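Read the structure below first, then the notes.
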């Protein structure tokens, strides 16, 4: 079984969690990087004209990604991580999911947020993939989630992953 942990992170919280998940599950790690990096002004949710607000409010927004996952077909399980922005996944996650065929794969979404739940973000992402893609329920974590909590979560997924 080959596992990939793919994630998008601007502040480092999702990166930290993704690194733990990859380490615990012995997965390869792939960072979803925007072709045009986000500045702190782009991420200012208090300014309605900020880039992240504009993307969030535009259903057709698909920020370009720099790079790609080589040999995605070799992965059976994909942990997919993202921060919660306005109750949803950032649109760059939509770009990622629409860039590959995930048929026959299992996707396990996870997100980071200080207080917002995963909400409908995972269900909305699932709609972007083939019906032949297996989706597990997503989970929300804080940026300082412990390794033991990650191990417990992975063991509880029922995926036959040896989590250490």
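So how do 33, 127 line up by other beta-carbon neighbours within 10 Å, fewest first?
Working: 33 13, 127 9.
Result, fewest neighbours first: 127, 33.
What does the extension gain come out to for residue 152 and residue 49, with contour length at 0.36 nm per residue minus their alpha carbon separation?
Details: separation 103, 0.36 × 103 = 37.08 nm, distance 4.07 nm.
Between residue 152 and residue 49, full extension yields 33.0 nm more.
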Inset, instruction - Using a 10 Å cut-off on Cβ atoms, rank the peptides 73-80, 148-155 from the highest mean neighbour count down. - result: 73-80, 148-155
Legend entry - Estimated [θ] at 222 nm from DSSP helical runs (n ≥ 4, -39500 (n - 2.57)) normalised by residues in the chain, nearest 500: -7500 deg cm²/dmol
Inset, instruction - Calculate how steeply helix 13-25 sits against the longest principal axis of the alpha-carbon atoms of the chain, using the helix alpha-carbon long axis, and give the answer as 0 to 90 degrees to the nearest 10. - result: 10
Inset, instruction - For a footprinting-style exposure proxy, rank 46, 62 by other Cβ within 10 Å, fewest first. - result: 46, 62
Legend entry - Extended-chain gain in nm, criterion 0.36 nm per residue less alpha-carbon gap, residue 160 and residue 71: 29.8 nm
Inset, instruction - Among DSSP beta bridges lying fully in region 3-155, give the percent that are antiparallel, nearest 5. - result: 10
Legend entry - Theoretical FRET efficiency, 1/(1+(r/R0)^6), r = Cβ-Cβ of residue 58 and residue 130, R0 25 Å, to 0.05: 0.55
Inset, instruction - Run the numbers on the chain and let me know its relative contact order in percent, using alpha-carbon pairs under 8 Å that are six or more apart. - result: 24
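Every number in this text was worked out from the coordinates using simple rules, so none of it is lab data. Bear in mind the structure is a predicted one, so any value in this text is a computation, not a measurement. Backbone-built Cβ (ideal geometry, glycine too); neighbour counts: all protein chains shown.
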